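The values are calculated or read from the model by the stated rules, or taken from the named source; none is laboratory data. From a predicted model like this one, the values you see are computed outputs, not experimental measurements. Cβ sites come from the backbone with ideal geometry, for glycine too, and all protein chains shown count toward neighbours.
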Amino acid sequence: MAFVAKPPPPPPQISATPLRAPTLQMSHSHQFYNLPPELCLRLVSKRFCNSVELRLGRVFLSANPLNIKVFRAIADHEEFRHKISEIVWDDARFARGPSTEIIHPEQGLYLPITDASDEETEFESRQHHDEIQGPPNWEVYESDFDFGDREDTEFGDPIYQLRNSANFRGRNCPLWFKAACVNNIEHIFMRRRKLNMIEAWHQKFKDERKLGKAALSMNESWKIYQSLLRKQADVLAGNYDEEAFLYGLERFTALKRVTITPAAHGVPFAPLYQSPMIRAFPPGFNYPIPRGWPISTTEEPEDVITFPWQQVDERHREKYHAFRIVTRTLAQQKHNVVELILEARQLYTGINCTIFDQPCMEHDNLLTILKKPGFRRLDISLIFGGRGSATENWKTFRNGRLHKTLGTMTDLEEFTFYTAGLDNCYEWKNPPVDTNPVSLEHIFPVEKWSKLRHFALSRFIVSQADLITLLSKLPDTLRSVRLSFLVFFENATSWHTFLEELRTKIQERSLWPGHRPNVIIGNERTFLLLGGAVWLGKAVDDFLYEGGENPFYDPPRVLVKKELGTIKDAFDPYC
């Protein structure tokens, strides 16, 4: 993409590659689905290059030289650099090998090993995996099944057709890489079916079914992936991403927000952010989706393990590469950043919650940022969980250090708190018998947040009475409340009973007597699908304030009424 401005001075030639949907061969109607109108106009004709102003408010950064090159080019541009208000840092790095797990010989911890060395051969990779976990079913990815092209049988399914196309029979790439790519193909069709969008997405299905023929071969994808790995290693070895961030902090005069996310690559063939690196991927490039932060690979919350921060080595801490750099830099340098977003986008991951258990540099740096006068927004995702009892795994929320840290934000206006200790299957279950909910007031110092306008709480075990008490103590400045994927500790409590009690308190004027904040509820009980959920806003407000019907069925059905709510997919730009 070439940024063109009125001379003088001429803008830097950032990239000659035209903007496009970065992965699949989409139909023309979807080609520029995620671009702002002014960019679409500039792409239509050269006449619009100077007449249509480019609204450039966000830049991207990661351990990739192309992202850094564009980042620095914008920072050096005397017009564009004054318009940047947000830096989005992609904290997901490409893995160098299959994901395995070992037991620490001294500390008895289960440590994830996700990076094999670049020189490791396919045989060594298999042998390494077999020694730790036992031999997996590798043969399934080397089979030459031939289910034909029939569409009237189970074996005519597009998944099988794509999986057995010529492009998936490459022999010059590791099996773990091929396994991840095959899983990507299965994943995109699974998501469409889970969201019941087969008919509405008929044209997109046609495009995706061509992937086996239109996409790059496994050998070609592996070569591109190896190049990305080498470039990533060079950036990390030279600390070029850290240097670029420091440079941008000095040059972007309007910078107010820094977003750090491990979810930038979204789901297969639907990236969450169109960074220069992702935009430059050739159409049909299939690769293992990187996540960066530790993440559960199963649907059970006990498989999300939080290692004590003081006991893990530097390699494990570096999984939070961008988080550590950003917090350290913002704590040490002068800046105008007043919003920090640590975004997991419904992935089962987050910042290690044990940084709040004992003094550490990461906590001290974060504290310095939060207590800065004028700091107004924090979105934070924390991961907790382990192999001990549920009570032990909740100790971070009981020791008071988190409450004290959050209490330093006296100018806070927007707050989102998300945890990765629970998953969507948990909404079908009762909380563990040894789990006693922590008082929400013991975690959130709402008495200090006199300017709060938005409050969001997601994936937490709560007591209905305690949650309503917390909501009643939020200030009169409150304009919206977002509650999602909560588990009520009381067996008889559900979203239905919670809303009934909430409306009663509002009618009695013991809750929000002088204002009507919008209440939004997210429920993923209907979908065993990452990112998929039913969101209810207007239906909830109608029930609370206008005498409408309760959008949830009576227990024990505890489901959203089908005619209410909106189905959304956090990882799909169309949804």
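Remarks
- Residue among LYS231, LYS194, LYS178 that is out of contact with any Phe, Trp or Tyr (no Cβ under 8 Å at 6 or more places or on another chain), at negative phi and either modelled with pLDDT of 85 or more or not aromatic (Phe, Trp, Tyr) (or both): LYS231
- Some residue of region 494-508 being touching a residue at least 24 places away in the same chain (Cβ under 8 Å) and outside any helix (DSSP H, G or I): yes
To keep it simple, each residue is scored yes or no on (1) more than 29 Å from the chain's Cα centre (by Cα); (2) under 19 Å from ALA570 (Cα atoms); (3) among the polar types (S, T, N, Q).
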| residue | (1), (2), (3) |
| --- | --- |
| LYS451 | no, no, no |
| VAL462 | no, no, no |
| LEU471 | no, no, no |
| PHE485 | no, yes, no |
| ASN518 | no, no, yes |
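- Candidates GLY388, GLY421, filtered to the one that is surrounded by fewer than 17 Cβ atoms within 10 Å (Cβ to Cβ) and either modelled with pLDDT of 85 or more or not in a strand (DSSP E or B) (or both): GLY388
- Test: residue in region 295-315 that is on the phi > 0 side of the Ramachandran plot and at pLDDT 80 or above: no
- Among residues of region 463-475 that are in a loop (DSSP other than H, G, I, E, B), those with a Cβ under 9 angstrom from a residue that is among the small types (Gly, Ala, Ser), sequence gap 6+ or separate chain, pair up as SER463/SER439; PRO475/SER450.
- Some residue of region 507-530 being of a type outside the set (Asp, Glu), in contact with a Cys (Cβ under 9 Å, 6 or more places away or on another chain), surrounded by fewer than 18 Cβ atoms within 10 Å (Cβ to Cβ) and at pLDDT below 80: yes
- For region 245-267, the tally of residues that are crowded, with 24+ Cβ neighbours inside 10 Å and assigned to a loop (DSSP other than H, G, I, E, B) stands at 5.
- Screening the candidates GLY284, GLY292 for the property of being surrounded by 22 or more Cβ atoms within 10 Å (Cβ to Cβ) and of a type outside the set (Lys, Arg) yields one hit, GLY292.
- Boolean, GLN311 is in contact with a Leu (Cβ under 7 Å, 6 or more places away or on another chain), surrounded by fewer than 18 Cβ atoms within 10 Å (Cβ to Cβ), farther than 20 Å from PHE444 by Cβ and of a type in the set (S, T, N, Q): yes
- Check on ARG315, of a type in the set (Lys, Arg) and closer than 16 Å to TYR418 by Cβ: no
- Total residues in region 462-483, condition in contact with a Leu (Cβ under 7 Å, 6 or more places away or on another chain) and not acidic (Asp, Glu): 12
- Taken over region 355-385, the criterion of being under 20 Å from the mean Cα position of the chain (by Cα) and in a loop (DSSP other than H, G, I, E, B) is satisfied by PHE384, GLY385.
- Given (1) farther than 22 Å from ALA570 by Cα; (2) surrounded by 19 or more Cβ atoms within 10 Å (Cβ to Cβ); (3) modelled with pLDDT of 90 or more, index of the condition ARG401 fails: (2)
- Region 59-84 residues that are in contact (Cβ under 8 Å) with a residue 24 or more places away in the chain and surrounded by fewer than 22 Cβ atoms within 10 Å (Cβ to Cβ), paired with ones that are part of a helix (DSSP H, G or I) and of a type in the set (Asp, Glu) (beta carbon under 9 Å, 6 or more apart): PRO65/ASP234; ALA75/GLU250
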